[in-house]
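Engineer: Before I ask anything, let me first share the structure, which is written out below as structure tokens.
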Amino acid sequence: MPAPVALMRFRGFNYTPVDDSALARAWLLVFEDPVIGSEQKSLDFFKGVSNFFFILKPPTTEMRSTDSLKGRIKLMNKECVKFTGCVAAIRHSKPTGVVDDDIVRIATALYKNIKITSTADNCGKPF
């Protein structure tokens, strides 16, 4: 007698930038709501995020499970932490004559591993 076949799980659709934006807004709405707040159990927090995502998502977007949204937020947060580290590294190097817009531009280049070669692009010391 053959062994029972396990239920197959398949990978869902990729998130689009519009989905990511809706998810980030949903997360912020729940996180910054003084009534709901972030001081609650993870499951309840992400149920709130899921509810807001359902409202904010484009009508063509498939509904995502709470676990899917939680996983995507984890990935987005990881990238935000990386970018924040790049901004901190630029600020810590104390480049002279650099305004905030330049710091963001240089941090973006650092985040994307783009080499700044042009003297017009080079603000402060090279990284």
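Engineer: Residues of segment 18-52 being modelled with pLDDT of 90 or more and farther than 16 Å from Lys70 by Cα, which ones?
Structural biologist: Listed by number, the list holds a single entry, Val18.
Engineer: What number of residues within segment 62-81 are in a loop (DSSP other than H, G, I, E, B) and either surrounded by 12 or more Cβ atoms within 10 Å (Cβ to Cβ) or within 16 Å of the chain's Cα centre (by Cα) (or both)?
Structural biologist: Residues meeting the conditions: 1.
Engineer: If you check every pair at least six apart or on different chains, which have Cβ atoms under 7 Å apart with a residue in segment 43-65 that is aliphatic (A, V, I, L, M) first and a residue that is at pLDDT 85 or above and not in a loop (DSSP other than H, G, I, E, B) second?
Structural biologist: If the second residue must be at pLDDT 85 or above and not in a loop (DSSP other than H, G, I, E, B), the pairs left are Val49/Ala26; Val49/Trp27; Val49/Val30; Val49/Leu69; Leu56/Ala22; Leu56/Arg25; Leu56/Ala26; Met63/Phe54.
Engineer: From Ile73, Ile55, grab the single residue that is modelled with pLDDT of 85 or more, closer than 30 Å to Ala109 by Cβ and hydrophobic (A, V, I, L, M, F, W, C).
Structural biologist: Sole residue among the options that is modelled with pLDDT of 85 or more, closer than 30 Å to Ala109 by Cβ and hydrophobic (A, V, I, L, M, F, W, C): Ile73.
Engineer: Another question about this same structure. Here's a check for you: in segment 22-61, which residue that is in a loop (DSSP other than H, G, I, E, B) and polar (S, T, N, Q) is surrounded by the most Cβ atoms within 10 Å (Cβ to Cβ)?
Structural biologist: Filtering segment 22-61 for residues that are in a loop (DSSP other than H, G, I, E, B) and polar (S, T, N, Q), the one surrounded by the most Cβ atoms within 10 Å (Cβ to Cβ) comes out as Thr61.
Engineer: Which of the residues belonging to segment 82-100 are closer than 27 Å to Leu23 by Cβ and loosely packed, with under 11 Cβ neighbours inside 10 Å?
Structural biologist: Asp100
The values are calculated or read from the model by the stated rules, or taken from the named source; none is laboratory data. Bear in mind that the values here come from a model prediction, so they are computed numbers and not experimental data. Every residue, glycine among them, receives a Cβ derived from its backbone with ideal geometry; neighbour counts consider all protein chains shown.
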